[in-house]
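Visitor: Once you've had a glance at the structure underneath, I'll fire off some questions.
The values are calculated or read from the model by the stated rules, or taken from the named source; none is laboratory data. What you see is a predicted model, and the numbers here were worked out from it, not measured in a lab. Backbone-built Cβ (ideal geometry, glycine too); neighbour counts: all protein chains shown.
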Amino acid sequence: MIFEQMTLCDFRQFAGKQTIHFAVDGRKNVTVIHGFNGSGKTALLNAFTWVLYNDFSPDFEASDRLENESAFSALQPGERLRTSVEVVFRDSERKYTAERFIEVEKDENGTRRVVTPTSVSLLYVDESGEQVEAKGPHNPDETLQRMLPKRLCPFFFFNGERIERLASAQAYQEIAAGVRTLLDIELFDRAVSHLEGELSRRLRQEIESHTGDEGRRLLGERAKIDEQLDDKVKEQEQHERNVAALEEERDSIDAKLDTMSGLALLLTQRKEAEKREIEIKTGIRGRRQDLAREISRNGYLWLVPDVLDSARAVLDSARERGKLPSMFRLQFIEDLLESKRCICGADLAAGSNGYKQVESLKSQTYSDELQDAVNRTSGAIGILKRRIEESQTDVDRLQILRDELRTKKTEIEEELSELSNKIGDREHGEDPVKLENRRRKIESEIVNLREVRIPKAKSEATDLREKLQQLDRDIRNVERADAQGQLAQRRLAAVENVTRALSRIRQLRHAELRDDLSHQLEDVWGRIAIKDYAARLDNEFRLQLTKQIDGEAMPVRGASTGEKQVLSLAFVGALGAKARDTYEKAKNSATSIFRGGLYPLVIDSAFGNLEVEYRREVARWMPTLAPQVIIMVSESQWRQEVEQELLSRIGSEWVMRLETTKNRSRSISLRNREYSYVMASDDGAERTTFVEVEID
Amino acid sequence: MSDTESERQLKLHNILKELDEEERDLLSKVIKAEQQKLHMKQPRNINEDLWKVLVETIR
């Protein structure tokens, strides 16, 4: 979706009919709109979300009054006012015009009355160049949603000063939902859920009605287990939500404690100790995995030393008795007999004494395969014995390391407990006591959830899934099905195979997105960040800043608002870039499963309160990530470094001239020209007018 | 170490290769049906759409 122009008609500050054109050129893809505080930058952002989704951002006040106040005041009783936003855009090679409007009337008492509620129309230009109504199976709202789903709105239409929200712990579900929708994961999740759900249920019922008692019994059993699994999954999700909420509460307690005098040293010590605790726990997990790997690779050998010893004894005894190795190869004896001549030159005529003597040697030979096996076994026994010794040494070493870490863990837990007692000591006052008590309970509950309840629920769910799979196999194979039952069995088998394939494709896509988005994030963040942090997206699409501590990536706690804003912007950019990349690939492939898309970035207060270095870098990479960037800025946000970076990428530039009832005026200097920025209204009405900046 | 583009394509190809022709057809029709209603929070009648696709594909 690439916007070409927008026409506002008596919408909020924008009196009368006004049109603004956006930059659509691939290289000059940035539109900059300058506006004084209160001139309507947020209203313009909301004009986009209103026309597309009939929705507004949380900071848009009085969203039930969209009409221009002056235009409404000028109405005579009984007159009507039509407020509208029309946007012209391109999507998938087609040009559309969407218009949303509302009509209000001033009644005899001067009261406002809505006469035509919010309505939307959508037209497109057909092959002949005619503009026609976009008809089809979907209404205009649905068609617009298909092009750019509403849940993606926060990623493409946002206020730069509030974007840091995406980097908060609570936003991960929103991010995950956005990524799933934008990059096709949602489609696979839904397909799997629908196939496994209603469709499979219907097929099983059909099998049941065509397979008698056996089918009924299996289906009943399956329904019970399905229900248990559903409960278990819900239980696990609830535990995970609880952990996130508890962590958030703990962080807010920490923030409160941070502000209390006399605790600074203790809190610093605790933060250090907590870091060490995480490192130790990571170390224990690592050693446990090393041990599991070693046992899985060589553990079976520990059970067979007696067998190896017996094999060696058998071979040694054979050697002692002269049975091994054989002096002659079987093939050699056979060649002599066939040639009828011994190597000493003696004649070996069939039936002669010499022939019989040579032939008798055959009983002392073995097949080549047996000889090779004996040689291999003799060599392997020694190797295997050495591997047993090495493996036992390795396991001993890993166990010692793990035990040392466990001891350290106990020590650090005692240290943390001691610190907690000191922080919660009454000598610091009542508030720290209460806060620390609550913090202890939270910590204990988090540990309980993370280390006991969540793993238990996960393991139980896995067992139930295995039972379901077995039952599904049984249902598919119930004998005595009639023709209809057999067809249903075949369909169920096909649905199960397709569901499995969809799940695997989804996993592939998930891994691809996590890797690509993470790399893109790392790249953008690496170029911008001042501190030595790394940006990453974890498995659950949690946006994180991490820091290397002793070779391990540890999460950064307490990142600044500016850092979070940059991280969030980098994420949004990475998301748009990946969607564009997928779109370009799909365009060149007739069989592509994934679609992607072209999505613009529309940002109010794009550079927020960022530091100079951040502004410069954000301004530099922003136009490269999205095919179209529309930014609204105040004069203080449009500073030299931003202008320098963006100048060559600007394809369209506008000033929102604010006419105020006060006798105030000021201008803004852009491209060596002065533009009226704020001016006194000549008719006593406040309004904003778009003025195009001349681009040489 | 993440996969290269060609490794990803190969993995996808292998997954599809394990299905027979009818099942591949079903998979592609299921994706199309889901795409049609992806914008809806609660896709109306999607189960009926999928049932039709199934009955038409696996006869």
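Visitor: Looking for something of a type in the set (S, T, N, Q), closer than 30 Å to residue A:382 by Cβ, out of contact with any Gly (no Cβ under 7 Å at 6 or more places or on another chain) and at pLDDT 90 or above - is there at least one such residue anywhere in segment A:239-257?
Guide: Looking for residues that are of a type in the set (S, T, N, Q), closer than 30 Å to residue A:382 by Cβ, out of contact with any Gly (no Cβ under 7 Å at 6 or more places or on another chain) and at pLDDT 90 or above, one finds none in segment A:239-257, hence no.
Visitor: Report every pair of residues separated by at least 6 positions or lying on different chains whose Cβ atoms are under 6 Å apart, first residue within segment A:1-16 and closer than 23 Å to residue A:152 by Cα, second of a type in the set (Lys, Arg).
Guide: What qualifies is A:2/A:90.
Visitor: Next up: Please specify each residue of segment A:551-562 satisfying the condition of being touching a residue at least 12 places away in the same chain (Cβ under 8 Å) and within 23 Å of residue A:267 (Cα to Cα).
Guide: A:552, A:553, A:554, A:556, A:557, A:559, A:561, listed by residue number.
Visitor: Looking at A:436, A:414, A:496, which one is surrounded by 12 or more Cβ atoms within 10 Å (Cβ to Cβ), more than 14 Å from every other protein chain (Cβ to nearest Cβ) and part of a helix (DSSP H, G or I)?
Guide: That would be A:436, the only listed residue that is surrounded by 12 or more Cβ atoms within 10 Å (Cβ to Cβ), more than 14 Å from every other protein chain (Cβ to nearest Cβ) and part of a helix (DSSP H, G or I).
Visitor: Going by the structure shown, is residue A:47 in a helix (DSSP H, G or I) and over 18 Å from residue A:601 (Cβ atoms)?
Guide: Judged against the criteria, residue A:47 is not a match.
Visitor: Is there a residue being buried (at least 18 other Cβ atoms within 10 Å of the Cβ) and within 14 Å of chain B (Cβ to nearest Cβ) anywhere in segment A:106-120?
Guide: For segment A:106-120, residues buried (at least 18 other Cβ atoms within 10 Å of the Cβ) and within 14 Å of chain B (Cβ to nearest Cβ): absent.
Visitor: Has segment A:191-200 got any residue that is at the interface with chain B (Cβ under 10 Å from one of its Cβ atoms), surrounded by fewer than 21 Cβ atoms within 10 Å (Cβ to Cβ) and of a type in the set (A, V, I, L, M)?
Guide: For segment A:191-200, residues at the interface with chain B (Cβ under 10 Å from one of its Cβ atoms), surrounded by fewer than 21 Cβ atoms within 10 Å (Cβ to Cβ) and of a type in the set (A, V, I, L, M): present.
Visitor: Of everything in segment A:469-493, what is touching a helix residue (DSSP H, G or I) at 6+ places or on another chain (Cβ under 6 Å) and part of a helix (DSSP H, G or I)? Give them in sequence order.
Guide: A:471, A:474, A:475, A:476, A:485, A:488, A:489, A:491, A:492, A:493
Visitor: Do any strands (runs of 3 or more DSSP E) lying entirely in segment A:66-143 carry at least 2 residues that are out of contact with any Lys or Arg (no Cβ under 7 Å at 6 or more places or on another chain) and hydrophobic (A, V, I, L, M, F, W, C), and which ones are they?
Guide: A:80-91, A:94-106, A:112-125
Visitor: From the set of residues in segment A:176-189 that are facing another protein chain (nearest Cβ under 10 Å) and surrounded by fewer than 21 Cβ atoms within 10 Å (Cβ to Cβ), which is farthest from residue B:31 (Cα to Cα)?
Guide: Result: A:181.
Visitor: Something else about it: Which of the residues that make up segment A:331-354 are surrounded by 12 or more Cβ atoms within 10 Å (Cβ to Cβ), of a type outside the set (Val, Ile, Thr) and touching a helix residue (DSSP H, G or I) at 6+ places or on another chain (Cβ under 7 Å)?
Guide: Those that are surrounded by 12 or more Cβ atoms within 10 Å (Cβ to Cβ), of a type outside the set (Val, Ile, Thr) and touching a helix residue (DSSP H, G or I) at 6+ places or on another chain (Cβ under 7 Å): A:336, A:337, A:342, A:346, A:348.
Visitor: Which one of these is surrounded by fewer than 20 Cβ atoms within 10 Å (Cβ to Cβ) and either more than 30 Å from residue A:687 (Cα to Cα) or of a type outside the set (A, V, I, L, M) (or both): A:645, A:653?
Guide: Being surrounded by fewer than 20 Cβ atoms within 10 Å (Cβ to Cβ) and either more than 30 Å from residue A:687 (Cα to Cα) or of a type outside the set (A, V, I, L, M) (or both) holds for just one of A:645, A:653, which is A:645.
Visitor: Being among the hydroxyl-bearing types (Ser, Thr, Tyr) and either facing another protein chain (nearest Cβ under 10 Å) or in contact with a helix residue (DSSP H, G or I) (Cβ under 8 Å, 6 or more places away or on another chain) (or both) is the filter; apply it to segment B:6-59 and report the residue that is surrounded by the most Cβ atoms within 10 Å (Cβ to Cβ).
Guide: Result: B:57.
Visitor: Something else now. Taking the stated definitions as given, is residue A:502 in a helix (DSSP H, G or I), within 14 Å of chain B (Cβ to nearest Cβ), of a type in the set (A, V, I, L, M, F, W, C) and surrounded by 19 or more Cβ atoms within 10 Å (Cβ to Cβ)?
Guide: In short, yes.
Visitor: Residue check: is residue A:543 among the hydrophobic types (A, V, I, L, M, F, W, C), within 13 Å of chain B (Cβ to nearest Cβ), closer than 24 Å to residue A:241 by Cβ and within 17 Å of the chain's Cα centre (by Cα)?
Guide: Criteria not met by residue A:543.
Visitor: Okay, moving on. Quick one: residue A:61 ticks every box in (1) over 24 Å from residue A:130 (Cβ atoms); (2) outside any strand (DSSP E or B); (3) in contact with a Gly (Cβ under 8 Å, 6 or more places away or on another chain) except a single one, so which number is it?
Guide: Here residue A:61 clears every test but (3).
Visitor: Right, here's the next one. Consider only pairs whose beta carbons are under 7 Å apart and that are at least six residues apart or on different chains; among these, list those whose first residue lies in segment A:487-507 and is free of Cβ contacts under 8 Å to residues at least 60 places away in the same chain and whose second residue is of a type in the set (Val, Ile, Thr).
Guide: A:490/B:58; A:494/B:58; A:501/B:15; A:504/B:15
Visitor: Within segment A:516-531, which residues are surrounded by 14 or more Cβ atoms within 10 Å (Cβ to Cβ) and not in a helix (DSSP H, G or I)?
Guide: A:529
Visitor: Scan segment A:62-80 for residues that are more than 48 Å from the chain's Cα centre (by Cα) and of a type outside the set (A, V, I, L, M, F, W, C) and jot them down.
Guide: Scanning segment A:62-80 gives A:73, A:76, A:77, A:78, A:79, A:80.
Visitor: Let me ask another. Identify all residues within segment A:602-639 that are in a helix (DSSP H, G or I), hydroxyl-bearing (Ser, Thr, Tyr) and more than 11 Å from residue A:30 (Cα to Cα); write none if there are none.
Guide: A:614
Visitor: Can you name every residue in segment A:20-43 that is of a type outside the set (A, V, I, L, M), crowded, with 23+ Cβ neighbours inside 10 Å and part of a strand (DSSP E or B)?
Guide: Residues satisfying the conditions are A:31, A:34, A:35.
Visitor: Here's something else I'd like to know. How many of the residues in segment A:507-540 are within 27 Å of residue A:193 (Cα to Cα), within 14 Å of chain B (Cβ to nearest Cβ) and under 12 Å from the mean Cα position of the chain (by Cα)?
Guide: The total comes to 12.
Visitor: Please go through segment A:532-566 and pick out each residue that is basic (Lys, Arg) and either assigned to a strand (DSSP E or B) or at pLDDT below 80 (or both).
Guide: Within segment A:532-566, A:536, A:542, A:547, A:557 qualify.
Visitor: So is residue A:629 β-branched (Val, Ile, Thr) and farther than 16 Å from residue A:2 by Cβ or not?
Guide: no
Visitor: Against the condition in contact (Cβ under 8 Å) with a residue 12 or more places away in the chain, more than 20 Å from residue B:38 (Cβ to Cβ), loosely packed, with under 13 Cβ neighbours inside 10 Å and out of contact with any strand residue (DSSP E or B) (no Cβ under 8 Å at 6 or more places or on another chain), how does residue A:78 come out, does it pass?
Guide: No, not satisfied.
Visitor: Does any residue in segment A:654-683 that is over 18 Å from residue A:69 (Cα atoms) come within less than 6 Å, Cβ to Cβ, of a residue that is basic (Lys, Arg) and in a loop (DSSP other than H, G, I, E, B) six or more places away or on a different chain, and which pairs are these?
Guide: Partner pairs satisfying both residue conditions: A:678/A:664.
Visitor: Exactly one of these conditions fails for residue A:488: (1) over 21 Å from residue A:555 (Cα atoms); (2) surrounded by fewer than 18 Cβ atoms within 10 Å (Cβ to Cβ); (3) of a type in the set (A, V, I, L, M). Give me its number.
Guide: (2)
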